[in-house]
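Structure first, then comments.
The values are calculated or read from the model by the stated rules, or taken from the named source; none is laboratory data. Keep in mind that what you see is a predicted model, and the values were worked out from it rather than measured. As a convention, Cβ positions derive from the backbone with ideal geometry for all residues, glycine included, and neighbour counts pool all protein chains shown. Ligands, DNA and RNA are stripped out before the accessible areas are found, and what is left, the full protein with its side chains, is counted by its heavy atoms. Shrake-Rupley method; radii C 1.70, N 1.55, O 1.52, S 1.80 Å.
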Amino acid sequence: MEKREVLASVKDERLVEKRRTQMIKGAVTLFKEKGFHRTTTREIAKAAGFSIGTLYEYIRTKEDILYLVCDFIYDEVQEKLQKEIEQSDGTLESLKLTIAYFYKVMDDMQDEVLVMYQEVKALTKDALPYVLNKELRMVGMFEKVITKCVENGELSLTEKQISLVSHNIFVQGQMWSFRRWALHKQYTLQEYVELQTQLLIQNVSGTKKH
């Protein structure tokens, strides 16, 4: 699925990237506090450090900003995960380390993840499928790690089981952000990682192919 083009009147690509990064950071803070619909483009411009006129040189609509925010968040998470996943050697220990690293990334980016979870439904119809497809690609990264474990005889899972376990890992990582109002009162990040991983490994280690 092709990336949705966000039009800009400025032709300097480095400047476009710089200004949009400023815009994204300002928008995340505002969307978290007020939500997407109650935030104005003027407020986003102010938070980004430039005028409303300048803002519209780099985007066309407020929906463009939400799309850029979601696209940026997924790219950041994927970039942080890629190296860790490439180093996975198909052992349960490497799977545990990958899960722990993913949860740490979710903790580091919890404001961004919360905004994305709350506001992704406000994306335009042409942007939503692209963003959701990026999420599926990240789930696929976990599928690769678990598949290596199956190939090494560390786990015995069907393809459907691998897919479901991968979705579970992804959602449990996101849950640390969107359920933080409850979870952070009961667990440290380390406790959350250890308990979730323990439960996951216990379940999948006992799973046999049918």
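Of K134, K80, K96, which residue is open to solvent by less than 10 Å² (accessible area, probe 1.4 Å), among the charged types (D, E, K, R) and in contact with a helix residue (DSSP H, G or I) (Cβ under 6 Å, 6 or more places away or on another chain)? Don't jump to the end; show me each part of the working.
Values: K80 fails: open to solvent by less than 10 Å² (accessible area, probe 1.4 Å); K96 fails: open to solvent by less than 10 Å² (accessible area, probe 1.4 Å).
Just one listed residue meets the conditions, K134.
Taking Y101, is it open to solvent by 30 Å² or more (accessible area, probe 1.4 Å), closer than 27 Å to T29 by Cβ and either modelled with pLDDT under 95 or not aliphatic (A, V, I, L, M) (or both)? Give the steps one after another, and end with the answer.
Values: open to solvent by 30 Å² or more (accessible area, probe 1.4 Å): yes; closer than 27 Å to T29 by Cβ: yes; either modelled with pLDDT under 95 or not aliphatic (A, V, I, L, M) (or both): yes.
Against the criterion (open to solvent by 30 Å² or more (accessible area, probe 1.4 Å), closer than 27 Å to T29 by Cβ and either modelled with pLDDT under 95 or not aliphatic (A, V, I, L, M) (or both)), Y101 qualifies.
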Hey, N152 touching a Gly at 6+ places or on another chain (Cβ under 8 Å), farther than 25 Å from Y192 by Cβ and surrounded by fewer than 17 Cβ atoms within 10 Å (Cβ to Cβ) or not: yes
Unmet requirement for I146, which otherwise passes all of (1) surrounded by 20 or more Cβ atoms within 10 Å (Cβ to Cβ); (2) without any contact (Cβ under 8 Å) to a residue 60 or more places away in the chain; (3) within 18 Å of the chain's Cα centre (by Cα); (4) within 21 Å of E86 (Cβ to Cβ): (3)
Condition check for L15: open to solvent by 50 Å² or more (accessible area, probe 1.4 Å), more than 29 Å from L189 (Cβ to Cβ), in a helix (DSSP H, G or I) and without any contact (Cβ under 8 Å) to a residue 60 or more places away in the chain: yes
Checklist (1) acidic (D, E); (2) more than 25 Å from K121 (Cα to Cα); (3) touching a residue at least 60 places away in the same chain (Cβ under 8 Å) applied to D71, failing item: (2)
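Filter the stretch 22-51 down to residues that are hydrophobic (A, V, I, L, M, F, W, C) and not in a helix (DSSP H, G or I), then give me how many there are. Reasoning before the result, please.
Here is the first cut: in the stretch 22-51, the residues hydrophobic (A, V, I, L, M, F, W, C) are 23-24, 27-28, 30-31, 36, 44-45, 47-48, 50.
Of the ones still in play, those that are also not in a helix (DSSP H, G or I) are 36, 50.
Of the residues in that region, 2 qualify.
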